[in-house]
Ligand code: NAD
Ligand code: IPM
Ligand code: MN
(Lines give C-alpha, C1' and ligand atoms only; values in the text may rest on other atoms or scores of the structure.)
(Ligands and ions follow the chains in the order given, each with its own letter.)
Protein backbone atom coordinates (compact mmCIF):
# COMPACT_ATOMS: atom_id res chain seq x y z
CA UNK A 1 0.00 0.00 0.00
CA UNK A 2 1.06 3.60 -0.57
CA UNK A 3 1.68 5.60 2.57
CA UNK A 4 0.81 9.26 2.81
CA UNK A 5 2.07 11.56 5.53
CA UNK A 6 -0.73 13.98 6.33
CA UNK A 7 -0.39 17.04 8.58
CA UNK A 8 -3.72 18.14 10.05
CA UNK A 9 -4.30 21.65 11.41
CA UNK A 10 -7.87 21.71 12.75
CA UNK A 11 -7.55 25.33 13.93
CA UNK A 12 -10.31 27.39 15.52
CA UNK A 13 -14.09 27.61 15.75
CA UNK A 14 -15.77 25.17 13.39
CA UNK A 15 -12.35 24.14 12.02
CA UNK A 16 -12.03 21.02 14.23
CA UNK A 17 -15.69 20.12 13.64
CA UNK A 18 -15.44 20.10 9.85
CA UNK A 19 -11.97 18.56 9.77
CA UNK A 20 -13.22 15.58 11.81
CA UNK A 21 -15.75 14.85 9.05
CA UNK A 22 -13.19 15.34 6.29
CA UNK A 23 -10.96 12.79 8.01
CA UNK A 24 -13.81 10.27 8.31
CA UNK A 25 -14.30 10.43 4.58
CA UNK A 26 -10.57 10.31 3.89
CA UNK A 27 -10.19 7.20 6.06
CA UNK A 28 -13.04 5.48 4.27
CA UNK A 29 -11.72 6.20 0.79
CA UNK A 30 -8.13 5.38 1.78
CA UNK A 31 -9.18 1.84 2.69
CA UNK A 32 -10.65 1.11 -0.72
CA UNK A 33 -7.63 2.59 -2.53
CA UNK A 34 -4.95 0.92 -0.45
CA UNK A 35 -3.64 4.17 0.96
CA UNK A 36 -2.11 4.20 4.43
CA UNK A 37 -2.62 7.64 5.94
CA UNK A 38 -0.04 8.56 8.58
CA UNK A 39 -1.61 11.46 10.36
CA UNK A 40 -0.01 14.07 12.59
CA UNK A 41 -2.23 16.72 14.21
CA UNK A 42 -0.94 20.19 15.03
CA UNK A 43 -2.70 22.12 17.78
CA UNK A 44 -2.24 25.57 16.31
CA UNK A 45 -4.64 28.47 16.66
CA UNK A 46 -6.28 30.58 19.34
CA UNK A 47 -5.83 28.20 22.29
CA UNK A 48 -2.10 27.85 21.66
CA UNK A 49 -1.71 31.60 21.25
CA UNK A 50 -3.40 32.22 24.61
CA UNK A 51 -1.18 29.62 26.28
CA UNK A 52 2.17 30.38 24.71
CA UNK A 53 1.88 33.61 22.75
CA UNK A 54 3.06 31.96 19.55
CA UNK A 55 1.20 31.22 16.36
CA UNK A 56 3.54 28.93 14.43
CA UNK A 57 6.93 28.10 15.94
CA UNK A 58 9.71 27.58 13.38
CA UNK A 59 10.28 24.02 14.57
CA UNK A 60 6.64 23.14 13.95
CA UNK A 61 6.70 24.75 10.53
CA UNK A 62 9.68 22.59 9.63
CA UNK A 63 7.91 19.48 10.91
CA UNK A 64 4.83 20.32 8.88
CA UNK A 65 7.01 20.89 5.83
CA UNK A 66 8.14 17.28 6.08
CA UNK A 67 4.68 15.91 5.23
CA UNK A 68 3.22 15.01 1.84
CA UNK A 69 0.11 17.13 2.21
CA UNK A 70 -1.76 19.29 4.73
CA UNK A 71 -5.44 19.56 5.68
CA UNK A 72 -6.49 22.75 7.45
CA UNK A 73 -9.83 23.67 9.03
CA UNK A 74 -9.90 27.40 9.69
CA UNK A 75 -8.16 29.94 11.87
CA UNK A 76 -9.30 33.10 13.61
CA UNK A 77 -11.08 33.70 16.87
CA UNK A 78 -12.90 36.66 18.43
CA UNK A 79 -10.69 36.43 21.56
CA UNK A 80 -7.53 37.07 19.53
CA UNK A 81 -6.80 40.43 17.89
CA UNK A 82 -7.78 40.32 14.23
CA UNK A 83 -4.87 39.39 12.00
CA UNK A 84 -2.69 37.72 14.63
CA UNK A 85 -3.69 34.18 13.68
CA UNK A 86 -4.64 34.98 10.09
CA UNK A 87 -1.22 36.48 9.37
CA UNK A 88 0.85 34.54 11.90
CA UNK A 89 -0.47 31.12 10.96
CA UNK A 90 -2.44 30.91 7.71
CA UNK A 91 -0.65 33.55 5.67
CA UNK A 92 2.69 32.48 7.12
CA UNK A 93 2.06 28.97 5.78
CA UNK A 94 1.01 30.39 2.39
CA UNK A 95 4.20 32.47 2.17
CA UNK A 96 6.69 30.03 3.68
CA UNK A 97 5.43 27.05 1.69
CA UNK A 98 5.15 29.28 -1.38
CA UNK A 99 1.54 28.55 -2.29
CA UNK A 100 1.46 30.72 -5.35
CA UNK A 101 -1.64 28.97 -6.66
CA UNK A 102 -4.80 29.23 -4.60
CA UNK A 103 -7.20 26.97 -6.46
CA UNK A 104 -10.88 27.64 -5.90
CA UNK A 105 -13.44 25.80 -7.99
CA UNK A 106 -16.88 27.40 -8.25
CA UNK A 107 -19.20 24.61 -9.23
CA UNK A 108 -22.96 24.29 -8.91
CA UNK A 109 -23.87 20.65 -8.22
CA UNK A 110 -27.23 19.35 -9.52
CA UNK A 111 -30.04 19.84 -7.05
CA UNK A 112 -28.27 22.55 -5.05
CA UNK A 113 -30.24 25.72 -4.39
CA UNK A 114 -28.62 28.86 -5.76
CA UNK A 115 -29.80 32.43 -5.25
CA UNK A 116 -29.53 32.94 -9.02
CA UNK A 117 -32.70 32.58 -11.06
CA UNK A 118 -32.79 30.36 -14.14
CA UNK A 119 -29.30 29.03 -13.79
CA UNK A 120 -28.33 25.45 -14.60
CA UNK A 121 -25.37 23.54 -13.12
CA UNK A 122 -23.54 23.72 -16.47
CA UNK A 123 -23.70 27.54 -16.26
CA UNK A 124 -21.66 27.61 -13.05
CA UNK A 125 -18.50 25.59 -13.51
CA UNK A 126 -15.37 27.62 -13.15
CA UNK A 127 -11.97 27.40 -11.62
CA UNK A 128 -10.64 30.52 -9.95
CA UNK A 129 -6.84 30.58 -9.86
CA UNK A 130 -6.09 33.11 -7.17
CA UNK A 131 -2.51 34.30 -6.72
CA UNK A 132 -1.45 33.28 -3.21
CA UNK A 133 1.82 34.94 -2.24
CA UNK A 134 1.72 38.56 -3.40
CA UNK A 135 -0.62 41.51 -3.93
CA UNK A 136 -1.83 43.42 -0.89
CA UNK A 137 -1.24 40.40 1.37
CA UNK A 138 2.52 40.68 1.86
CA UNK A 139 2.33 43.03 4.82
CA UNK A 140 4.33 45.79 3.16
CA UNK A 141 3.19 49.14 4.44
CA UNK A 142 2.73 50.72 7.76
CA UNK A 143 1.09 53.31 9.88
CA UNK A 144 2.23 56.77 10.93
CA UNK A 145 0.84 58.90 13.75
CA UNK A 146 -1.53 56.12 14.77
CA UNK A 147 -4.52 57.25 16.77
CA UNK A 148 -4.10 60.88 15.80
CA UNK A 149 -6.17 62.89 13.32
CA UNK A 150 -3.05 62.85 11.11
CA UNK A 151 -2.89 59.05 10.93
CA UNK A 152 -1.70 57.61 7.62
CA UNK A 153 -2.04 53.90 6.89
CA UNK A 154 -0.49 52.36 3.79
CA UNK A 155 -0.86 48.78 2.62
CA UNK A 156 1.05 48.19 -0.55
CA UNK A 157 0.31 45.67 -3.26
CA UNK A 158 3.48 43.84 -4.27
CA UNK A 159 3.45 42.19 -7.69
CA UNK A 160 6.56 40.69 -9.24
CA UNK A 161 7.16 39.56 -12.82
CA UNK A 162 8.25 36.20 -11.38
CA UNK A 163 5.17 35.84 -9.20
CA UNK A 164 2.68 36.91 -11.83
CA UNK A 165 4.22 34.80 -14.58
CA UNK A 166 4.13 31.58 -12.59
CA UNK A 167 0.48 31.86 -11.58
CA UNK A 168 -0.62 33.01 -15.03
CA UNK A 169 1.23 30.11 -16.65
CA UNK A 170 -0.43 27.67 -14.25
CA UNK A 171 -3.86 29.14 -15.07
CA UNK A 172 -3.24 28.79 -18.81
CA UNK A 173 -2.24 25.17 -18.38
CA UNK A 174 -5.42 24.47 -16.41
CA UNK A 175 -7.51 26.27 -19.05
CA UNK A 176 -5.85 24.24 -21.82
CA UNK A 177 -6.85 21.02 -20.08
CA UNK A 178 -10.54 21.93 -19.80
CA UNK A 179 -13.15 21.57 -22.49
CA UNK A 180 -13.97 25.26 -22.92
CA UNK A 181 -10.34 26.40 -22.85
CA UNK A 182 -11.16 29.94 -21.82
CA UNK A 183 -9.13 32.12 -19.50
CA UNK A 184 -10.41 35.37 -18.02
CA UNK A 185 -7.97 37.75 -16.39
CA UNK A 186 -9.71 39.74 -13.68
CA UNK A 187 -8.00 42.89 -12.43
CA UNK A 188 -8.53 46.63 -12.25
CA UNK A 189 -6.03 47.94 -14.79
CA UNK A 190 -7.94 51.18 -15.27
CA UNK A 191 -6.98 52.26 -11.75
CA UNK A 192 -4.24 49.89 -10.51
CA UNK A 193 -2.26 50.77 -13.61
CA UNK A 194 1.13 49.37 -12.55
CA UNK A 195 0.00 45.99 -11.30
CA UNK A 196 -2.78 45.68 -13.88
CA UNK A 197 -0.36 46.37 -16.69
CA UNK A 198 2.03 43.70 -15.39
CA UNK A 199 -0.80 41.16 -15.33
CA UNK A 200 -1.98 42.21 -18.80
CA UNK A 201 1.45 41.99 -20.42
CA UNK A 202 2.14 38.68 -18.70
CA UNK A 203 -1.13 37.19 -19.95
CA UNK A 204 -0.39 38.35 -23.50
CA UNK A 205 3.12 36.88 -23.38
CA UNK A 206 2.14 33.51 -21.90
CA UNK A 207 -0.84 33.27 -24.29
CA UNK A 208 1.63 32.67 -27.13
CA UNK A 209 2.47 29.31 -25.57
CA UNK A 210 -1.23 28.37 -25.36
CA UNK A 211 -2.75 29.24 -28.76
CA UNK A 212 -5.71 26.92 -28.05
CA UNK A 213 -6.82 29.00 -25.04
CA UNK A 214 -9.08 32.00 -25.66
CA UNK A 215 -8.37 34.99 -23.45
CA UNK A 216 -10.72 37.57 -22.02
CA UNK A 217 -10.28 40.44 -19.59
CA UNK A 218 -12.72 41.96 -17.07
CA UNK A 219 -12.34 44.65 -14.47
CA UNK A 220 -13.06 43.16 -11.04
CA UNK A 221 -16.15 45.30 -10.47
CA UNK A 222 -17.73 44.14 -13.73
CA UNK A 223 -16.60 40.57 -13.08
CA UNK A 224 -18.49 40.65 -9.76
CA UNK A 225 -21.61 41.65 -11.63
CA UNK A 226 -21.17 38.93 -14.27
CA UNK A 227 -20.58 36.26 -11.59
CA UNK A 228 -24.20 36.91 -10.64
CA UNK A 229 -25.81 37.79 -13.97
CA UNK A 230 -23.83 35.61 -16.42
CA UNK A 231 -21.73 33.03 -14.57
CA UNK A 232 -21.54 31.01 -17.77
CA UNK A 233 -19.04 33.57 -19.12
CA UNK A 234 -16.36 32.11 -16.91
CA UNK A 235 -14.22 29.01 -17.29
CA UNK A 236 -10.79 29.58 -15.70
CA UNK A 237 -10.30 32.91 -13.94
CA UNK A 238 -6.85 34.18 -12.99
CA UNK A 239 -6.63 37.04 -10.56
CA UNK A 240 -4.76 38.87 -7.85
CA UNK A 241 -4.69 37.63 -4.24
CA UNK A 242 -7.27 40.07 -2.81
CA UNK A 243 -9.61 40.11 -5.80
CA UNK A 244 -9.53 36.31 -5.72
CA UNK A 245 -10.38 36.26 -2.02
CA UNK A 246 -13.45 38.42 -2.51
CA UNK A 247 -14.61 36.86 -5.78
CA UNK A 248 -14.49 33.35 -4.36
CA UNK A 249 -16.81 34.15 -1.45
CA UNK A 250 -19.16 35.52 -4.12
CA UNK A 251 -18.51 32.37 -6.14
CA UNK A 252 -19.37 30.28 -3.09
CA UNK A 253 -22.64 32.15 -2.67
CA UNK A 254 -23.77 31.54 -6.27
CA UNK A 255 -22.79 27.88 -6.07
CA UNK A 256 -24.94 27.10 -3.06
CA UNK A 257 -23.17 28.67 -0.12
CA UNK A 258 -19.90 29.03 1.73
CA UNK A 259 -20.42 25.63 3.38
CA UNK A 260 -19.75 23.97 0.02
CA UNK A 261 -16.68 25.86 -1.25
CA UNK A 262 -13.39 23.95 -1.34
CA UNK A 263 -9.87 25.14 -2.00
CA UNK A 264 -6.27 24.14 -2.38
CA UNK A 265 -3.15 26.12 -1.59
CA UNK A 266 -0.87 24.59 -4.15
CA UNK A 267 2.87 24.70 -4.61
CA UNK A 268 3.08 23.15 -8.09
CA UNK A 269 6.86 22.73 -7.87
CA UNK A 270 6.43 19.99 -5.27
CA UNK A 271 9.09 21.67 -3.09
CA UNK A 272 6.59 21.81 -0.23
CA UNK A 273 3.42 19.94 0.73
CA UNK A 274 0.29 21.58 -0.65
CA UNK A 275 -2.48 22.50 1.77
CA UNK A 276 -6.21 21.97 1.34
CA UNK A 277 -8.89 23.86 3.24
CA UNK A 278 -12.46 25.04 2.97
CA UNK A 279 -12.82 28.62 1.67
CA UNK A 280 -14.80 29.60 4.75
CA UNK A 281 -13.46 30.74 8.10
CA UNK A 282 -13.89 29.65 11.70
CA UNK A 283 -17.53 30.84 11.84
CA UNK A 284 -17.54 31.82 15.54
CA UNK A 285 -21.27 32.53 15.26
CA UNK A 286 -22.05 28.81 14.90
CA UNK A 287 -18.98 27.17 16.45
CA UNK A 288 -19.57 24.36 18.92
CA UNK A 289 -23.16 23.84 17.89
CA UNK A 290 -22.73 21.03 15.38
CA UNK A 291 -24.33 23.21 12.71
CA UNK A 292 -21.36 23.72 10.39
CA UNK A 293 -21.60 22.14 6.97
CA UNK A 294 -18.51 19.91 6.51
CA UNK A 295 -19.07 19.57 2.75
CA UNK A 296 -16.48 22.22 1.81
CA UNK A 297 -13.87 20.34 3.82
CA UNK A 298 -14.88 17.01 2.30
CA UNK A 299 -14.60 18.49 -1.21
CA UNK A 300 -11.20 19.87 -0.17
CA UNK A 301 -10.24 16.28 0.69
CA UNK A 302 -11.22 15.33 -2.87
CA UNK A 303 -8.91 18.07 -4.17
CA UNK A 304 -6.16 16.76 -1.87
CA UNK A 305 -6.55 13.27 -3.34
CA UNK A 306 -6.42 14.65 -6.87
CA UNK A 307 -3.26 16.51 -5.97
CA UNK A 308 -1.69 13.33 -4.60
CA UNK A 309 -2.33 11.63 -7.93
CA UNK A 310 -5.23 9.44 -6.83
CA UNK A 311 -7.97 10.80 -9.12
CA UNK A 312 -10.16 7.68 -8.75
CA UNK A 313 -10.34 8.27 -5.01
CA UNK A 314 -11.01 11.96 -5.57
CA UNK A 315 -13.89 11.18 -7.96
CA UNK A 316 -15.30 8.69 -5.46
CA UNK A 317 -15.46 11.41 -2.80
CA UNK A 318 -16.85 13.98 -5.20
CA UNK A 319 -19.55 11.58 -6.42
CA UNK A 320 -20.55 10.77 -2.86
CA UNK A 321 -20.85 14.50 -2.13
CA UNK A 322 -22.83 15.09 -5.33
CA UNK A 323 -25.24 12.29 -4.42
CA UNK A 324 -25.68 13.66 -0.92
CA UNK A 325 -26.27 17.19 -2.25
CA UNK A 326 -28.86 15.95 -4.72
CA UNK A 327 -30.83 14.37 -1.87
CA UNK A 328 -30.54 17.24 0.60
CA UNK A 329 -33.09 19.57 -0.88
CA UNK A 330 -36.18 20.04 1.21
CA UNK A 331 -34.91 17.64 3.85
CA UNK A 332 -34.44 18.55 7.51
CA UNK A 333 -31.26 20.38 8.52
CA UNK A 334 -28.63 17.85 9.54
CA UNK A 335 -25.84 18.10 12.08
CA UNK A 336 -22.21 18.34 10.98
CA UNK A 337 -21.53 14.73 11.90
CA UNK A 338 -24.70 13.47 10.21
CA UNK A 339 -23.61 14.96 6.92
CA UNK A 340 -20.12 13.53 7.38
CA UNK A 341 -21.51 10.11 8.23
CA UNK A 342 -23.87 10.09 5.25
CA UNK A 343 -21.07 10.95 2.82
CA UNK A 344 -18.70 8.47 4.47
CA UNK A 345 -21.31 5.74 4.07
CA UNK A 346 -21.64 6.48 0.36
CA UNK A 347 -17.88 6.44 -0.08
CA UNK A 348 -17.55 3.16 1.76
CA UNK A 349 -20.55 1.48 0.20
P1 NAD B 1 -16.69 32.83 8.00
O2 NAD B 1 -16.50 32.14 6.70
O3 NAD B 1 -16.08 32.19 9.17
O4 NAD B 1 -18.25 33.03 8.28
C5 NAD B 1 -19.12 33.78 7.45
C6 NAD B 1 -20.56 33.27 7.61
O7 NAD B 1 -20.66 31.99 6.96
C8 NAD B 1 -20.95 33.05 9.07
O9 NAD B 1 -22.31 33.38 9.24
C10 NAD B 1 -20.77 31.55 9.26
O11 NAD B 1 -21.60 30.97 10.23
C12 NAD B 1 -21.09 31.01 7.87
N13 NAD B 1 -20.34 29.76 7.60
C14 NAD B 1 -19.02 29.66 7.37
N15 NAD B 1 -18.68 28.38 7.18
C16 NAD B 1 -19.80 27.64 7.30
C17 NAD B 1 -20.08 26.24 7.22
N18 NAD B 1 -19.12 25.33 6.98
N19 NAD B 1 -21.35 25.84 7.39
C20 NAD B 1 -22.33 26.75 7.63
N21 NAD B 1 -22.12 28.08 7.72
C22 NAD B 1 -20.87 28.53 7.56
O23 NAD B 1 -16.12 34.31 7.79
P24 NAD B 1 -15.97 35.53 8.83
O25 NAD B 1 -17.14 35.54 9.76
O26 NAD B 1 -15.68 36.68 8.00
O27 NAD B 1 -14.66 35.20 9.66
C28 NAD B 1 -14.66 34.51 10.91
C29 NAD B 1 -13.21 34.24 11.32
O30 NAD B 1 -12.61 33.32 10.43
C31 NAD B 1 -12.32 35.47 11.29
O32 NAD B 1 -11.42 35.35 12.36
C33 NAD B 1 -11.59 35.36 9.97
O34 NAD B 1 -10.35 36.02 9.97
C35 NAD B 1 -11.41 33.87 9.87
N36 NAD B 1 -11.29 33.34 8.50
C37 NAD B 1 -10.40 32.31 8.34
C38 NAD B 1 -10.29 31.68 7.12
C39 NAD B 1 -9.34 30.54 6.96
O40 NAD B 1 -8.84 30.01 7.93
N41 NAD B 1 -9.06 30.10 5.76
C42 NAD B 1 -11.12 32.08 6.06
C43 NAD B 1 -12.02 33.14 6.26
C44 NAD B 1 -12.10 33.75 7.50
C1 IPM C 1 -9.43 32.92 2.89
C2 IPM C 1 -9.40 33.86 4.08
C3 IPM C 1 -8.00 34.38 4.29
C4 IPM C 1 -7.61 35.21 3.06
C5 IPM C 1 -7.78 35.21 5.57
C6 IPM C 1 -8.30 34.52 6.80
C7 IPM C 1 -6.33 35.54 5.75
O8 IPM C 1 -10.33 34.89 3.91
O9 IPM C 1 -8.71 31.92 2.91
O10 IPM C 1 -10.19 33.16 1.96
O11 IPM C 1 -7.91 36.41 3.00
O12 IPM C 1 -7.00 34.63 2.16
MN1 MN D 1 -11.63 34.63 2.19
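The values are calculated or read from the model by the stated rules, or taken from the named source; none is laboratory data. A quick note: this is a predicted structure, and the numbers were derived from the prediction, not measured. No Cβ is skipped: glycine too gets one built from the backbone with ideal geometry, and neighbour counts run over all protein chains shown.
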Looking at (1) out of contact with any strand residue (DSSP E or B) (no Cβ under 6 Å at 6 or more places or on another chain); (2) modelled with pLDDT of 95 or more; (3) part of a helix (DSSP H, G or I), which is the only condition residue 327 fails?
-> (2)
Residue among 288, 281, 259 that is within 15 Å of ligand 3 (Cβ to nearest atom) and out of contact with any helix residue (DSSP H, G or I) (no Cβ under 7 Å at 6 or more places or on another chain) = 281
If the Cβ limit is 7 Å and pairs must be 6+ apart or interchain, which residue in region 82-94 that is within 8 Å of ligand 1 (Cβ to nearest atom) pairs with which residue that is in a helix (DSSP H, G or I)?
-> 85/46; 85/49
Selection from region 228-256 of residues that are closer than 25 Å to residue 118 by Cα, away from ligand 3 (no atom under 13 Å from the Cβ) and touching a residue at least 40 places away in the same chain (Cβ under 8 Å) = 228, 231, 232, 233, 234, 235, 236, 237, 254, 255, 256
Which of the residues belonging to region 263-291 are under 20 Å from residue 342 (Cβ atoms) and more than 16 Å from ligand 2 (Cβ to nearest atom)?
-> 286, 289, 290, 291
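Yes/no per residue for (1) in a loop (DSSP other than H, G, I, E, B); (2) without any contact (Cβ under 8 Å) to a residue 40 or more places away in the chain; (3) surrounded by 13 or more Cβ atoms within 10 Å (Cβ to Cβ):
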residue: 165; (1), (2), (3): no, no, yes
residue: 172; (1), (2), (3): no, no, yes
residue: 180; (1), (2), (3): yes, no, yes
residue: 186; (1), (2), (3): no, no, yes
residue: 212; (1), (2), (3): yes, yes, no
residue: 215; (1), (2), (3): no, yes, yes
Scanning for something near ligand 1 (Cβ under 8 Å from one of its atoms) and in a loop (DSSP other than H, G, I, E, B), does region 251-274 turn up at least one residue?
-> yes
